[in-house]
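Asker: What follows is a structure written as structure tokens; I'll ask about it next.
The values are calculated or read from the model by the stated rules, or taken from the named source; none is laboratory data. Worth saying up front: this structure is predicted, and the values here are computed from it rather than measured. Virtual Cβ from ideal backbone geometry, glycine too; neighbours counted across all protein chains shown.
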Amino acid sequence: MSDSIDLTGKSERYKKGIAYYESIHGAAGAQSFDALEGIAPGFADLLIEFTLGDVHSRPGLDIKTRELLTVAALTAMGTANLQLKTHVDSAMNVGWTKEEIIETITQMAVYAGFPAALNGFFAAAEVFAAREAAGQEA
């Protein structure tokens, strides 16, 4: 778990959630929650505790599967571009390839429609380009 985040007074759910998040993004990624704290105090804690500490950390599905499912769901929603880009990056960090992500988004065209898939492709393309520019695998 990160030494860069003050965990004083944080719940076990929070600590579990941050550990999960850092396993995908590293310690620097968890600091992105600081910006949210300035807008909506306490909301980041709820987000970390519930989505990451309670749901994503459940047994039954591995982290790699959970990330691909998240990419599929966010693509299908068609309204969460920032979160989709974050999870495309996360999916690649845990081992999914560019081709597998494109195939997942393609599958969503059948169930969520072509506009949602098109938005997904453009969001993914931004992530692929950023990873290539940073010298990461895309």
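Asker: With a cut-off of at least 3 residues that are at pLDDT 90 or above, name the helices (runs of 4 or more DSSP H) lying wholly within the range 10-86. First the steps, then the outcome.
Answerer: Values: elements: 12-25, 27-30, 33-39, 43-47, 63-77.
So the answer is 12-25, 43-47, 63-77.
Asker: Which count do you get for residues in the range 18-71 that are over 18 Å from L7 (Cα atoms) and among the hydrophobic types (A, V, I, L, M, F, W, C)?
Answerer: 9
Asker: While we're here: Within the range 87-97, how many residues turn out to be touching a helix residue (DSSP H, G or I) at 6+ places or on another chain (Cβ under 6 Å), part of a helix (DSSP H, G or I) and touching a residue at least 24 places away in the same chain (Cβ under 8 Å)?
Answerer: Qualifying residue count, the range 87-97: 5.
Asker: So, one more: Given the conditions (1) touching a residue at least 12 places away in the same chain (Cβ under 8 Å); (2) in the same structural domain as Y21 (by TED's automatic domain parsing), report the number of the one that D34 does not fulfil.
Answerer: With (1) touching a residue at least 12 places away in the same chain (Cβ under 8 Å); (2) in the same structural domain as Y21 (by TED's automatic domain parsing) applied to D34, the lone miss is (1).
Asker: Quick one: in the range 34-53, of everything that is buried (at least 18 other Cβ atoms within 10 Å of the Cβ) and among the charged types (D, E, K, R), which residue is farthest from E67 (Cα to Cα)? I'd like the intermediate steps shown before the answer.
Answerer: Here is the first cut: in the range 34-53, the ones buried (at least 18 other Cβ atoms within 10 Å of the Cβ) are 44-45, 48-49, 52-53.
Adding the requirement that they be among the charged types (D, E, K, R) leaves 45, 49.
Working: D45: 21, E49: 17 Å.
If we take residues in the range 34-53 being buried (at least 18 other Cβ atoms within 10 Å of the Cβ) and among the charged types (D, E, K, R), then D45 is farthest from E67 (Cα to Cα).
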